[in-house]
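Some notes on the structure that comes next.
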Amino acid sequence: NLYGPGDDFDLETSHVLPALLRKAHEAKGAAPDGSDAPVTLWGTGTPKREFLYVEDLADAVRFVLEQPADALREVAPEGMLNVGVGTDLSINDLMALIQEVVGHEGPVEHDESKPDGTPRKLLDVSRIRDMGWQARISLREGLEDTYRWFLENRDALQG
């Protein structure tokens, strides 16, 4: 799950991370009494996902392109490398982090009539890590940058 500035925040077409950022933002102060309204997650929130910040992907591409062809063939003879952070977290944990970044203090609810999806999506990034590359931007830092971009561009996104 790639994310970052310029992401798709449309609730109909976005992936989980930008959708939850937007939902948390829109729920701030949205309850009838002025408190934070609840945010509803699909399913149980227990599936785990890995999230890679877009700048880390760009850095990985640059890194791989700078490697000698022989070194690449040795590490990945079939020409395939996974690029990711190599760690995952549950959707519930992602939502808790998003709430911290956005400042949303409302409840999180689960619509268990909706599917959870695949229980876990995590890449084996050992090959690229063995070559000397790893993601540098923490999920929190990436979320903060992405949310800042969302705030600066939300009027254009709604137009």
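The values are calculated or read from the model by the stated rules, or taken from the named source; none is laboratory data. Everything quoted here is computed from the prediction, not taken from an experiment. Don't worry about glycine lacking a Cβ; one is built from the backbone with ideal geometry, like all the others, and counts go over all protein chains shown. Quick note on the areas: whole protein, heavy atoms, side chains included, nothing else; ligands and nucleic acids left out. Shrake-Rupley method; radii C 1.70, N 1.55, O 1.52, S 1.80 Å.
Here are the numbers for this structure:
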quantity: From the options Leu57, Leu81, residue that is surrounded by 15 or more Cβ atoms within 10 Å (Cβ to Cβ), outside any helix (DSSP H, G or I) and hydrophobic (A, V, I, L, M, F, W, C); calculated: Leu81
quantity: Subset tally (residues that are among the aromatic types (Phe, Trp, Tyr) and either buried (at least 18 other Cβ atoms within 10 Å of the Cβ) or closer than 22 Å to Glu144 by Cα (or both)) for region 25-52; calculated: 1
quantity: Qualifying positions in region 1-24 - open to solvent by 10 Å² or more (accessible area, probe 1.4 Å) and part of a loop (DSSP other than H, G, I, E, B); calculated: Asn1, Pro5, Gly6, Asp7, Asp8, Asp10, Leu11, Glu12, Thr13, Ser14, His15
quantity: Region 106-140: number of residues that are more than 30 Å from Gly34 (Cβ to Cβ), touching a residue at least 60 places away in the same chain (Cβ under 8 Å) and either open to solvent by 90 Å² or more (accessible area, probe 1.4 Å) or in contact with a His (Cβ under 7 Å, 6 or more places away or on another chain) (or both); calculated: 4
quantity: Residue count, region 93-136 (criterion: over 18 Å from Val16 (Cβ atoms) and either in a helix (DSSP H, G or I) or not aromatic (Phe, Trp, Tyr) (or both)); calculated: 16
